[in-house]
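I have placed the structure first, in the form of structure tokens, so that the comments after it can refer back to it.
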Amino acid sequence: MSKKDEYIEKAKGILDEQIAKMDALKAKAKEEISDQTDNAQKVIDELEEKINEAKSSLGDLTDAAEDTWESVKDKFEGISDNIGGSIKNLFHWDKEEKPDEVEKKADSKSK
């Protein structure tokens, strides 16, 4: 076998190994994207629940008497701040931080 043929065989082996690594990377990326999508959907579902809670609190605020509306206002602001922080953090999570961790951070900030 000539040096050229030997090199071609070696190059094919290297390329085959790189293709196998790329295929493994693609599979891992798909799995991580799926996991992140699932986690993001969980956070979105929780945010929708909080938005419904905020709507209810706004209704309570509307119905509150002049001497009690401020306590209802505080509850609404707490919920609203939590929602705002969660949404902001959801769009800024880094590769190491999952949406449920972002949600926990937002919850701790609003307390």
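The values are calculated or read from the model by the stated rules, or taken from the named source; none is laboratory data. Because the structure is a prediction, the values reported are computed rather than measured. So basically every Cβ, Gly included, is an ideal-geometry build from the backbone, and we count neighbours across all protein chains shown.
Would you mind stating whether K42 is part of a helix (DSSP H, G or I) and surrounded by fewer than 11 Cβ atoms within 10 Å (Cβ to Cβ)? The answer is no for K42. Just one of the numbered conditions (1) modelled with pLDDT of 85 or more; (2) touching a helix residue (DSSP H, G or I) at 6+ places or on another chain (Cβ under 8 Å) is not true of K98: (1).
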